[in-house]
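The values are calculated or read from the model by the stated rules, or taken from the named source; none is laboratory data. This one's a predicted model, so the numbers in the text were calculated from it and none came from an experiment. As a convention, Cβ positions derive from the backbone with ideal geometry for all residues, glycine included, and neighbour counts pool all protein chains shown. SASA here: full protein model, heavy atoms, side chains in, ligands and nucleic acids out. Shrake-Rupley method; radii C 1.70, N 1.55, O 1.52, S 1.80 Å.
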Amino acid sequence: VFMKGSPAQPLCGFSNAVVQILRLHGVEDYRAHDVLQDPDLRQGIKDYSNWPTIPQVYLNGEFVGGCDILLQMHQNGDLVEELKKLGIRSALLDAEKDQEKK
């Protein structure tokens, strides 16, 4: 994740939203890069992805999109499937099972 700030202290609402979505899915072990610390990185990642905004999310090195795309994937269930492809079981699946037991 290329973001403003860090997962522990996001410095914009969109970066915070990305962190929260990943947290909801139980994804805690990921690399985050604070683009505010390096102007070359901030511009370079925009050029690399041809995407004008930060944050930017990459899964297994492949550009996924920004906050809006990740939110959409979260809402329609695609993020669960993409995480599964990476061998990551979304914590939301376990939460659903817990709800079914009640």
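Quick look at the numbers
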read-out	value
Whichever residue in region 26-39 is part of a helix (DSSP H, G or I) and in contact with a helix residue (DSSP H, G or I) (Cβ under 8 Å, 6 or more places away or on another chain) and, among such residues, is surrounded by the most Cβ atoms within 10 Å (Cβ to Cβ)	VAL35
Long-range neighbours under 7 Å by Cβ, at least six apart or interchain, first residue within 8 Å of ASP34 (Cβ to Cβ) and open to solvent by less than 30 Å² (accessible area, probe 1.4 Å) within region 1-17, second assigned to a loop (DSSP other than H, G, I, E, B) and of a type in the set (A, V, I, L, M)	MET3/ALA32; MET3/ILE54; GLY5/LEU11
Region 66-76, residues that are closer than 18 Å to SER90 by Cβ, buried (at least 18 other Cβ atoms within 10 Å of the Cβ) and not hydrophobic (A, V, I, L, M, F, W, C)	HIS74
Helices (runs of 4 or more DSSP H) within region 56-102 that include 2 or more residues at pLDDT 95 or above and among the aliphatic types (A, V, I, L, M)	67-76, 78-85
Unique match (being farther than 25 Å from GLY87 by Cβ, open to solvent by 60 Å² or more (accessible area, probe 1.4 Å) and basic (Lys, Arg)) among ARG23, ARG42	ARG42
Test result for LEU93, among the aliphatic types (A, V, I, L, M) and more than 25 Å from GLY5 (Cα to Cα)	yes
Members of region 45-69 found to be of a type in the set (Ser, Thr, Tyr) and closer than 23 Å to GLU81 by Cβ, listed by number	SER49, TYR58
Close pairs from region 25-53: first touching a residue at least 24 places away in the same chain (Cβ under 8 Å), partner in a helix (DSSP H, G or I) and of a type outside the set (A, V, I, L, M), Cβ under 6 Å, at least 6 apart	VAL35/ARG42
